[in-house]
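Input: a single structure, listed below in structure tokens.
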Amino acid sequence: MKPSDHTFLDPETIETVSQTFKALADPTRIKLLYLLSQEECSVGHIAEVLELSQSAVSHQLGFLRNIRLVKHRREGNMLYYSCDDGHVISLLYQAIRHTEHCEGASDHAQQ
């Protein structure tokens, strides 16, 4: 196959995909996205459930908002966050299932 027979991704797509995987590479963001995949939450609730400071939660939410993985809505003085990209949540769940499958396979191998 000649190089001209291949298709290539444009640089913007490559950068966006890279940012998505960067988001999923951080343990705190994985926990945060997993929680938001189950329910809409305020910063305070996320901080309490994940045992993080509100500042740390706000920082991570800002990163995730910038790459449009989470969104918020205002209700009075409160902001409530939810997932904004079902595709990324599907990736997260696939990675979780893959990990559980691999862990199960290694458990069987050790027996």
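Please treat every number below as a calculation from the coordinates, not as lab data. Quick caveat, the model's predicted, so the values are computed rather than measured. A quick note on method: Cβ atoms are made from the backbone with ideal geometry, for glycine too, and the neighbour counts reach across all protein chains shown.
List of remarks:
- P(r) tail fraction, the chain - alpha-carbon pairs more than 15 Å apart, %: 69 percent
- The HN-Hα couplings worked out from phi for the stretch 70-86 by the Karplus form 6.51 cos²θ - 1.76 cosθ + 1.60 (θ = phi - 60°) are 10, 9, 9, 9, 9, 9, x, 8, 9, 10, 10, 9, 8, 5, 10, 8, x Hz, whole numbers, x standing for Gly and Pro.
- The chain: calculated mean residue ellipticity at 222 nm from DSSP helix runs of at least 4, using -39500 (n - 2.57): -21000 deg cm²/dmol
- Glu103 versus Tyr34: modelled label distance in nm, points set 7 Å from Cα along the beta carbon direction: 0.8 nm
- For Asn66, neighbours were defined as the other residues whose beta-carbon sits under 13 Å from its Cβ, and their charges (Lys and Arg +1, Asp and Glu -1) total +2.
- The gain in end-to-end length when the Phe21 to Glu51 segment is fully stretched comes to 8.4 nm, 0.36 nm per residue minus the alpha carbon separation.
- Label-point separation, Ser42 to Ile14 (7 Å along Cα→Cβ), nm: 4.5 nm
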